[in-house]
Number of protein chains: 2
Amino acid sequence: LCAIADVVGVGLGVIIGYFSHPAPAAPIYPTENPTISKLLMDEMKAKNIMNNLKTLTSRPHIAGQEQEEIVLVDWIKQQWTEAGIDSIVVHPYDVLLSYPKQNDSNYVSIKLANGTEIEQSQRKELVIDAEQNDPNVVDPFNAYSPPGEPEAELVYVNFATIEDFIALNRTYKINTVGKICISRYGRIFRGDKAVHAELYGCIGLILYSDPLDYTVPWSGVYPEDWFPPTGAQRGTLWVDNGDPRTPNYPSIRDAWHQSNSSLTLPKIPVTPIGNIDAIKYLSKMGGPEVPTDWRGGMNITYRFGPGFALEHVNSLIKMSVKTTNQVATIHNVIGYVRGAVEPDRYVLLGNHRDAWVFGAIDPSSGTATLMELVRGFGAMLKRGWRPRRTLVFCSWGAEEYGLIGSTEWVEELQKELQARAVAYLNVDIAVQGNYSLAANGVASLSQAVFDAAKTVSNPNPTEVSSGRLTLYDTWKLRYPASVGDKPSYYGLGSGSDFTAFLQIIGIPSVDLRHTYDQSIGLASYPVYHSVYETFELVNKFVDPGFKIHLAMAQVWGELARKLADVPILPVDCRVYATDLAQKRDALYQQYGSKMESNGIDFSQLNDTILIFTTSADNIHKRIASIDSTKHVISAPSQHNTYGSTAFPAVVDAMFDIDVDPDQTGRWDEVRRQYSILVFHILSAAATLNPTV
Amino acid sequence: LCAIADVVGVGLGVIIGYFSHPAPAAPIYPTENPTISKLLMDEMKAKNIMNNLKTLTSRPHIAGQEQEEIVLVDWIKQQWTEAGIDSIVVHPYDVLLSYPKQNDSNYVSIKLANGTEIEQSQRKELVIDAEQNDPNVVDPFNAYSPPGEPEAELVYVNFATIEDFIALNRTYKINTVGKICISRYGRIFRGDKAVHAELYGCIGLILYSDPLDYTVPWSGVYPEDWFPPTGAQRGTLWVDNGDPRTPNYPSIRDAWHQSNSSLTLPKIPVTPIGNIDAIKYLSKMGGPEVPTDWRGGMNITYRFGPGFALEHVNSLIKMSVKTTNQVATIHNVIGYVRGAVEPDRYVLLGNHRDAWVFGAIDPSSGTATLMELVRGFGAMLKRGWRPRRTLVFCSWGAEEYGLIGSTEWVEELQKELQARAVAYLNVDIAVQGNYSLAANGVASLSQAVFDAAKTVSNPNPTEVSSGRLTLYDTWKLRYPASVGDKPSYYGLGSGSDFTAFLQIIGIPSVDLRHTYDQSIGLASYPVYHSVYETFELVNKFVDPGFKIHLAMAQVWGELARKLADVPILPVDCRVYATDLAQKRDALYQQYGSKMESNGIDFSQLNDTILIFTTSADNIHKRIASIDSTKHVISAPSQHNTYGSTAFPAVVDAMFDIDVDPDQTGRWDEVRRQYSILVFHILSAAATLNPTV
């Protein structure tokens, strides 16, 4: 199928690339307008970002619900229209989401031998401030957990990493089969914790935030400081990306979906609890004491279990989980500023819009920033400027559930984006702390990010008075690279909307945020995904005055402007070569001797990286010498490799269908192939269209 | 993995596309040189093609052996160097081939109840003419058959299609389990016959050429005419393409290979016999008579079996197959003529070089033609001409075994070709008959093929005297399209070297040949893959004077020249839209009502094709208005979706490897992933290189 799609896409792409450029009115290689950078920065205002954040966080806006999908979508369209950008397109998708049961929220309790339940966990997070008191708050849950009410002995599994479960079994001889396990949040993605628990036979998983991982000894608690013992971390358990029902193709139109029973979603109930509840259960546990590195930060003795000790030796832990899956419509809002010279080269800026509750940090700090950036670029358009390449602004839906909006969109526009996207610049949380800028991305874009950060004034007056005048200066001081006189800049894993761009279609991507001091060892900022992520929290603790938000708008905007404006893209393949060499060294250090003693020749890898390095050096020499003044459609049939079949996947799916006893399965396959065929024709059509 | 490769490939591709063009010395859109077409045609000579064919067929040149891999490779390099093209690169690959046992060739016999073998089939094809008498002839076999000496009752299975086996079981109630089956060649690919026989429990498969499918009543036999009852059709059984040991990645350097025992090759012995032998077995069979459409052309009563009748009712059929697999080095020879304006756009011309024996038709008629074409283009270079885009001439190795040379090459150069290839123009057999040109290809290139055929003088004097002056005129008369005043032009299945280009990387492809009258119902030309495909056979029966060969050089050359030279590529997306609509109609006719009654909405498909059609119309309007005067590197870890791992596939393969009881399997996986990593870095390096 992949190959068949290429027949349509690539074949036509060759024509498009050559002929979709309009005849240029200006010289072929105009230089960038050097004044725009400063004009754009001066145009944007902290006050506007603050007001944006107020609007965005005025009510809870979880994916699939009215505030998120209607109110905020309309507001963004209206704001972007006023900003004067060229066009706005809304892309809806029907996807599988998940919610807890209203008025019957999830909880955990201790069930005595006589059947009485005691020590029930809070079903709603405590309302501490009027701000949090909204009837639309969705109570703590983990998305895509199945419902269930298991009762069993409790086992403490540390972070529920694969190494933790291996150690439990091999070293500590704790059998987890048939048990409910309780895991600290942190270290790894929570969805993988659920996979591991299921793999090791647990029948339920409780996730909690341990103070060792979510606060520091010198911090107070909310509302005096930003650690809330009564908060619980919501979050998805879906380990893949996009609508779970349509892997690898978009949930558009009447696309066929896998039935819910065949999806690879968690099979055991999972729910999160707050620190205030976790201590009640962990303090009562029996079994041997855990080793030092398994201990959390509560003033109790951490024990493996299984089960409770002393008066509760015959009690069980009980989970009540009423979470269920539900289909809902989500929306991406996409805005375009058409490029003047290369309209078919896209520089994309993206941020998700949906939040678990109010989302004042995650993601609305980013959304508030994006809105001001779009207004700023709109103002530049009104001054007569137009970028060389096209700018694309993306407000994603349902990121929290598993990057759903961005993944479906990339699947839908795959051919167009592969041919046209130059870079994808993601900001999820813009500001989660006041310590330093942090950036992850492909190595070849690192210098472009450094250069952008050098142009942005330092929002921290103390830093400025110490002579560090730019975002870059503080970044380099606080997060220095291990090699060279520059800031640290690491690769991208997953966890935000760059994933589909980078992993599915290979678009060079960057992810920016301004963060707290990472060396203090927090798994995330303390209020992460809790009801306490409110406007006032940001205004009071995170960024009073919104100067850091403004700096984030400036660095994001400058990076995008540069990528959109300069004739020669600031992409450095030599850095990519260096990065390959570093990765080779790391691999060698970790596994080199073991691999070599099994006959694997590392000189092969060294040789190929050398070849790449030479090629990279050479292309940059050639760049330096540039004069810059100027098939779903047809394939072999399954039963006859020689023959050409029209729409082969559908035809093969139909073959001899009548006599197959599995009528449901066979027809599902026909429906799936038919949806894919329909989609690929649309996708091919899109590559024929002019740019917006 | 696919996604990871894209990270490297696509990301860098964007830069390359923009900066690998040299600063043009001439105007940006020069028009083609209209005189070159005629100069090239006049330059090429029938006599040269004849001499090329003599050289190419002087000895057997099966893949992996000295004549093919050393003598002919050297000859081609020397000829192309003399022709004066810009550069020549030889790509070697170590791949799995298959040969029968020398001096102990395969045979079939009847084994009497007392153990005596009678009616043994010929182990070597009869030498009729001195030409065939060469010690290097490899006797009849089917490549990749396992060795074995099964004895069982014989069952006649018609063409061994899936429908034939279904009918045998359901309608005729003939049980094929444990039997040896005998199948006519024809209708479908022989590899699929072996798959079907294995699926239906047969323990051996005999393939033969029935006169009904391989000759016509008015034909004589070889050497008076070209049907040889003593000939047997060799051929591969490999149903996939490329080296069976390295699916989806190239067999280069020290690439890790799957172990032979894990390959999906045939598990039952298969061997071909000639008509002269088939009649001995089929005439003795028992069981009910077959239906009319199962009858072949021999003067016997065709019976299903199982087993023999009358005096042989207790005899069994015996097969003696000594065929084994063997690793050998094969070679592709690639020649380049650098484009003057768009050197990074490639127009590729390909033909395979290897033959089962002498290969005077398959493929040396094509190779002899390609050699003259390269000489012709070389002569144009010497006159000062240079094409706008780069021409790439490809002489493939080991096509007969399963498109191995072309597939490994496309796998190796995938990123470069996806970014740069404009079209792939294949000629396997150039001339297999004197009736008409025939062409298959992607719909969007049909008009370009028609236009090329209109420029070539008709090699048939009778046709010329009837007023049909060009190849096109005879083609349109003899193979008219079902709709419209033009020749028929169908889609591509598999079976020659266009497959990897079209199916793996989606390059628009065309396959050309000059053929016999297809309406007479031959499965292929009679001497196909037998020892009788010699120079004298071509010279005497197929194309005395080599005028048709010359016409094929001209049409192939003109098509390539046009695609390489004209500013706007002659690719028509509107024809593609029409083709989609026709395929939709065909699907509807075959399965429409059945699909609709299962709730599948055909209007969806209609709508999308309409959208595609509109987009196609629009791009051609825009083309008309053109002014023509002027990531293996980094990805989420398997156990932590959030984390970024360097070389994740290798690292995941190494995870906790020590305690796995399956040490062999786990280390094979590490070696495989390591090979893939090494390859992808090389592949990325290639996209950074300037064009040749």
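So, with +1 on the Cβ of K and R and -1 on the Cβ of D and E, and no other charges, what is the size of the charge dipole of chain A about its Cα centre, to the nearest 20 debye?
Details: 58 positive and 76 negative charges, 273 e Å.
Roughly 1320 debye for chain A.
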Exercise for the section: Quick one: accessible surface of B:Val555, probe radius 1.4 Å, all protein chains present, in square angstrom to the nearest 10. Expected result: 0
Handout entry: Shape box of the protein assembly as shown [Cα atoms, principal axes, largest first, Å]
Key = 104, 78, 61
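How do A:Glu66, A:Glu533 stack up against each other in accessible area, from largest to smallest, with a 1.4 angstrom probe? Before the final figure, lay out each step's value.
Values: A:Glu66 120, A:Glu533 5 Å².
Result, largest first: A:Glu66, A:Glu533.
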Fill in the blank from the handout: With the dipole of chain B defined by +1 on each Lys or Arg Cβ and -1 on each Asp or Glu Cβ, the option from B:Gln432, B:Ala443, B:Phe501 whose Cα lies farthest towards the positive pole is B:Ala443
Exercise for the section: Provide the per-residue ³J(HN,Hα) series for the stretch A:130-142, in order, calculated from phi with Karplus coefficients 6.51, -1.76, 1.60 and θ = phi - 60°, each as a whole number of Hz, with x at glycine and proline positions. Expected result: 3, 3, 7, 8, 10, x, 8, 4, 8, 5, x, 6, 10
Exercise for the section: Please report how far the C-alpha centroid of the stretch A:30-52 lies from that of the stretch A:434-504, rounded to the nearest whole angstrom. Expected result: 19
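So how many Å³ per residue does the convex hull of the Cα atoms of the stretch A:573-625 work out to? Mind showing how you got there, number by number?
Working: hull volume 2.3 nm³, N = 53.
It is 44 Å³ per residue.
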Fill in the blank from the handout: To the nearest Å², the heavy-atom accessible area per residue of chain B with 1.4 Å probe amounts to 35
Exercise for the section: Just read off the accessible area of B:Thr613 with the full protein assembly in place, 1.4 Å probe, to the nearest 10 Å². Expected result: 40
Handout entry: DSSP bridge orientation in the protein assembly as shown - percent antiparallel, rounded to nearest 5
Key = 55
Fill in the blank from the handout: Here the correct list, in nm and shortest first, of distances from A:Asp254 to the same site in the other copies, label points 7 Å along Cα→Cβ, is 5.7
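Under a Cβ-only charge scheme (Lys and Arg +1, Asp and Glu -1), can you give me the dipole magnitude of the stretch B:573-625 about the Cα centre, in debye to the nearest 20? Could you put the intermediate results ahead of the total?
Numbers: 6 positive and 6 negative charges, 47 e Å.
That gives the stretch B:573-625 a dipole magnitude of about 220 debye.
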Exercise for the section: Taking 20 Å² as the minimum loss, tell me which residues in the stretch A:570-604 lose that much accessible area going from the chain by itself to the full protein complex (1.4 Å probe). Expected result: A:Val571, A:Cys573, A:Tyr576, A:Leu580, A:Lys583, A:Leu587, A:Tyr591, A:Lys594, A:Met595, A:Asn598, A:Ile600, A:Gln604
Practice task
In nm to one decimal, list the spacings between the B:Asn539 label point and its equivalents in the other copies, with label points set 7 Å along Cα to Cβ, shortest first.
Solution key: 9.8
Fill in the blank from the handout: For the stretch B:80-85, Karplus-derived ³J(HN,Hα) couplings (6.51, -1.76, 1.60; θ = phi - 60°; whole Hz; x for glycine and proline) come out as 5, 5, 4, 5, x, 6
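So how do B:Asp42, A:Asp428 rank on accessible area, 1.4 Å probe, biggest first, that is with the largest at the start?
Values: B:Asp42 80, A:Asp428 10 Å².
The residues order as B:Asp42, A:Asp428, largest area first.
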Fill in the blank from the handout: Flagged as over-length at 28 Å C-alpha distance, from B:Lys173/B:Lys267; A:Lys54/A:Lys124; A:Lys54/A:Lys476; A:Lys124/A:Lys280, the pairs are A:Lys54/A:Lys476
Handout entry: For the protein assembly as shown, with +1 on Lys and Arg beta carbons and -1 on Asp and Glu, the positive-most of B:Val155, B:His529, A:Thr578 along the dipole
Key = A:Thr578
Exercise for the section: Scan around A:Phe227 for amide H atoms under 5 Å from its own, H built in the peptide plane at 1.01 Å from N, and keep only partners 5 or more places away or cross-chain. Expected result: A:Tyr222
Exercise for the section: Just the number, please: buried accessible area between B and A, total of both chains, 1.4 angstrom probe, nearest 100 square angstrom. Expected result: 10200
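Given a Förster radius of 60 Å and the C-beta distance between B:Asp517 and A:Glu198 as r, what FRET efficiency does 1/(1 + (r/R0)^6) yield to the nearest 0.05?
On the way: r = 65 Å, r/R0 = 1.09.
Using R0 = 60 Å, I get an efficiency of 0.40.
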Completion exercise
Descending accessible area (1.4 Å probe), largest on the left, turns A:Arg234, A:Arg386 into A:Arg386, A:Arg234
Practice task
For B:Phe602, place a label point 7 Å out from Cα along the Cα→Cβ vector, do the same in each other copy, and report the separations in nm, one decimal, smallest first.
Solution key: 6.4
Completion exercise
Taking alpha-carbon centroids only, the stretch A:86-162 lies from the stretch B:243-284 a number of Å equal to 57
Problem - Accessible area of the protein assembly as shown belonging to carbon and sulfur atoms, whole % at 1.4 Å probe - result: 52
Completion exercise
A correct Karplus calculation of ³J(HN,Hα) over the stretch B:235-246, with 6.51 cos²θ - 1.76 cosθ + 1.60, θ = phi - 60°, whole Hz and x for Gly and Pro, returns x, 7, 10, 6, 8, 9, 10, x, 4, x, 8, 10
Problem - Under-5 Å amide H pairs with A:Arg245, H placed in peptide plane, nonlocal only - result: A:Leu96
Exercise for the section: Report, in debye and to the nearest 20, how large the dipole of the protein assembly as shown comes out about its Cα centre when Lys and Arg carry +1 and Asp and Glu carry -1 on their Cβ. Expected result: 2220
Problem - For chain A, diffusion coefficient by Stokes-Einstein and Kirkwood Rh (Cα), 4 °C, 1.567 mPa s, µm²/s - result: 48
Handout entry: Förster-model FRET efficiency, 30 Å R0, A:Tyr490 and B:Asp254, C-beta, rounded to 0.05
Key = 0.45
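May I ask for the net charge around A:Asp579, where only other residues with Cβ less than 14 Å from the Cβ of A:Asp579 are counted and Lys, Arg are +1 while Asp, Glu are -1?
Neighbourhood net charge equals +2.
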Fill in the blank from the handout: Among the Cα-Cα pairs of the stretch A:70-125, the proportion with separation greater than 16 Å, in percent, is 69
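Among the listed pairs A:Lys38/A:Lys562; A:Lys454/A:Lys547; B:Lys486/B:Lys621; B:Lys38/B:Lys382; B:Lys454/B:Lys486; B:Lys101/B:Lys193, give every one whose C-alpha distance is greater than 19 Å.
Details: A:Lys38/A:Lys562 12 Å; A:Lys454/A:Lys547 16 Å; B:Lys486/B:Lys621 24 Å; B:Lys38/B:Lys382 16 Å; B:Lys454/B:Lys486 11 Å; B:Lys101/B:Lys193 23 Å.
Beyond 19 Å between Cα atoms: B:Lys486/B:Lys621; B:Lys101/B:Lys193.
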Problem - Interface residues, the stretch A:482-503 - accessible area loss of 30 Å² or more versus chain alone, probe 1.4 Å - result: A:Gly493, A:Ser494, A:Leu502, A:Gln503
Fill in the blank from the handout: Given the candidates B:Asn142, B:Pro544, A:Ile568, the one whose Cα lies deepest towards the positive end of the charge dipole of the protein assembly as shown, counting +1 at each Lys or Arg C-beta and -1 at each Asp or Glu C-beta, is A:Ile568
Problem - Distance histogram in 10 Å bins (all Cα pairs of the stretch B:102-321, percent per bin) - result: 8, 32, 35, 19, 6, 1
Problem - Residues A:Lys45 and A:Asn618, FRET efficiency given R0 of 35 Å [Cβ-Cβ distance, rounded to 0.05] - result: 0.15
Handout entry: Rounded to the nearest 10 Å², the accessible area of B:Lys77 at probe 1.4 Å
Key = 80
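The values are calculated or read from the model by the stated rules, or taken from the named source; none is laboratory data. From a predicted model like this one, the values you see are computed outputs, not experimental measurements. So basically every Cβ, Gly included, is an ideal-geometry build from the backbone, and we count neighbours across all protein chains shown. Side chains included, ligands, DNA and RNA excluded: accessible areas come from the protein's heavy atoms. Shrake-Rupley method; radii C 1.70, N 1.55, O 1.52, S 1.80 Å.
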